[in-house]
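Data first, discussion second: the structure below is written as structure tokens.
All of the numbers you see were taken from the coordinates with simple rules; none came from a lab. Quick caveat, the model's predicted, so the values are computed rather than measured.
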Amino acid sequence: MKATKILLLLVAISLTAASAARGGQLTDDEQRALRDAVQARYDVVPLSDGVALRPDVSEHPDFLRVGEVTLLVIKRAGRLGLRVWDNARRERTSFSGRSWFPVDRAWFVEALFEAAPGGRTILIPNQIGDLTEEPLQGRATFTLAGQTASLQAVPSEDGKLWFLFEDATNGETTYPAGRFLVAEPAQAGYTILDFNRAYNPPCAFTPFATCPLPPEGNRLPLWIEAGERYPPG
């Protein structure tokens with residue numbers, strides 16, 4: 001099947017699903033967009049026969065926009081899927097906002113950072129049951145609330161230290177599957193962990209996310225009552 005026909009089918013499925021989620025039928029604009037999908041534009045390049053959309057793991061992924069709907073091919077554990085954003089989705093327009101603990105300097109700590117040897121990897125699980133190998137940046141060791149603890153870091157998209165962690169508040173006042181924290185690269189063997197900046201993964205806001213989850217060894221035996229709370233709002 002040619003690329004344009006596949007795209008037409010994907011757009012049809014996505015627009016129909018988006019419309020169903022809003023409890024209605026396709027609007028006139030959406031029907032027109034569906035009929036004209038083969039002439040749709042993604043980013044700035046017109047679609048034509050044989051065009052292959054670059055998935056989210058590419059350096060420059062392609063986003064297909066049709067009316068209020070944006071589509072992106074995603075790749076997980078060798079499988080391809082389609083991520084859909086609908087700007088008119090009811091949950092988006094009724095969202096009450098995010099909720100955070102009061103900022104407290106006590107959750108701002110200096111951590112000794114031990115870089116991992118080159119080539120070391122760590123297994124990261126995700127929300128749909130896959131395991132992927134990610135580069136291990138190293139381990140941050142720190143003292144918090146009178147206890148010594150440590151977290152392993154993988155690289156963030158912008159080259160910083162990314163900590164996927166669990167703590168004792170999960171399922172109580174924070175998201176059950178854990179939270180994320182980004183820190184600056186270590187300087188002279190140290191980095192700063194500001195748990196006031198801990199934030200929820202995308203799967204806290206939608207059942208359709210494929211979030212990475214904290215790896216083995218990244219559960220803190222502490223109540224980290226800092227950063228983003230759950231549920232939101």
Computed D for segment 121-233, Stokes-Einstein, Kirkwood radius over alpha-carbon pairs, 37 °C, 0.692 mPa s, to the nearest µm² per second, is 228
In sequence order, calculated HN-Hα J values of segment 217-229 (Karplus, 6.51, -1.76, 1.60; Hz; x Gly/Pro): x, 10, 9, 8, x, 9, 8, 8, 8, 8, x, 7, 8
Quote to one decimal, in nm, the extra length available between residue 209 and residue 192 on full extension: 0.36 nm per residue of separation minus the C-alpha distance between them. 3.2 nm
